[in-house]
Structures are given as structure tokens and as C-alpha cells.
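The values are calculated or read from the model by the stated rules, or taken from the named source; none is laboratory data. The shown structure was predicted, so the numbers you read here are calculated from the model rather than taken from an experiment. Cβ coordinates were reconstructed from backbone atoms using ideal geometry, including for glycine residues, and neighbour counts include every protein chain displayed. The protein model used for the area step is the full one, side chains on, heavy atoms only, and it has no ligands, DNA or RNA in it. Shrake-Rupley method; radii C 1.70, N 1.55, O 1.52, S 1.80 Å.
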Amino acid sequence: MKKQFVLMVLTALFGVTAVKAQGSQRQTIEERTKATMEKLAVFNLDADTKTKAEAAIVDYNTSIQNAIEELRAAGSMNRDSAMAKRKFFSEARDAKLKTILTPEQMKKWTDEIEPSLRSQRGRNQPGSK
């Protein structure tokens with residue numbers, strides 16, 4: 001009985017560790033796009049608008065990933081240049097979305113949805129904002 005209990009505890013710990021390890025993998029462009037589109041579902045977009053919004057999101061995710069890969073390949077992966085590229089592509093995405101979404105939807109995107117998509121890494125570390 002005692003051996004079975006220990007085995008169950010070890011199995012549970014192994015399972016938790018395996019799940020936690022999978023969570024640290026980078027998301028693909030498709031996964032990030034899907035997560036964003038799920039958050040845009042609150043707008044009840046028609047098919048045409050949804051397609052245009054998804055295209056803007058895919059373009060943004062692809063551009064960001066390519067820019068980060070270029071910075072890594074060049075060996076110049078500094079935080080400031082990565083943040084500048086991210087800001088540039090975010091502004092381009094938001095300009096496209098502004099032509100697609102209504103002003104009320106765009107306000108909700110800017111105030112609620114877009115901030116929830118940002119990485120949560122380092123938010124609770126000393127010195128982070």
C-alpha cells in the first residue's frame with residue numbers, strides 16, 4: 001500500500017513537471033494567431049472582417065518572428081532594437097486594424113485585448129515596470 005502511494009505521488013510529480021516543461025516552448029505563428037483571434041471573438045466579426053483581421057494578425061506575427069530571427073542570426077540581439085522593431089510592427093498592425101474595426105472595437109482592442117497578449121515574462125521581477 002505504501003509503495004503504491006509513493007508511486008502515485010511520483011507519477012503525479014512527473015506529470016506536473018512534464019506539463020510545466022511544455023509550457024515554456026515558444027508558440028508558433030499559428031498558435032499566436034489563434035489565441036489572438038479567440039480574444040477577438042467578443043466582437044462577433046462577420047466573415048469578411050474576421051478574414052481581414054486575421055490577415056493583419058498573421059502579418060504582424062510573421063514580421064515579429066522574422067525580425068527576431070534576423071537579430072539573433074546577426075548576433076545583435078539587444079533589447080532596445082528588438083523593442084523598436086516590435087513597436088514598429090505593432091503600430092503597423094494597429095493601423096490596419098483601425099481600418100477594419102469600429103472605433104469602439106478599436107478602443108477595446110487597445111485598452112483590453114492587446115495588453116493581454118503581451119508576454120508576462122519578467123513582470124514580477126525586481127526592476128521591471
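Just a few scattered comments:
- Pairs from the table (LYS87/LYS107; LYS85/LYS107; LYS50/LYS85) lying more than 21 angstrom apart at Cα are LYS85/LYS107; LYS50/LYS85.
- Residue order for ASP59, ASP48, ASP94, ASP80 - accessible surface, 1.4 angstrom probe, largest first: ASP80, ASP48, ASP59, ASP94
- Distance between the pseudo-spin-label points of ASP59 and THR11 (7 Å out from Cα toward the beta carbon): 5.2 nm.
- Extension gain, SER76 back to LYS3 (0.36 nm per residue minus Cα-Cα distance, nm): 20.9 nm
- Heavy atoms of PHE43 accessible to a 1.4 Å probe, total area in Å² rounded to 10: 30
- If a spin label sat at a point 7 angstrom from the Cα of ASP48 along the line to its beta carbon, the backbone N atoms of the range 90-104 nearer than 16 Å would be those of 99-102.
- Contour minus Cα-Cα distance for MET37 and ALA84 (0.36 nm per residue): 14.5 nm
- Spin-label pair GLU69-GLU30: with each label point 7 Å from Cα along the Cα-Cβ axis, the two points sit 1.5 nm from one another.
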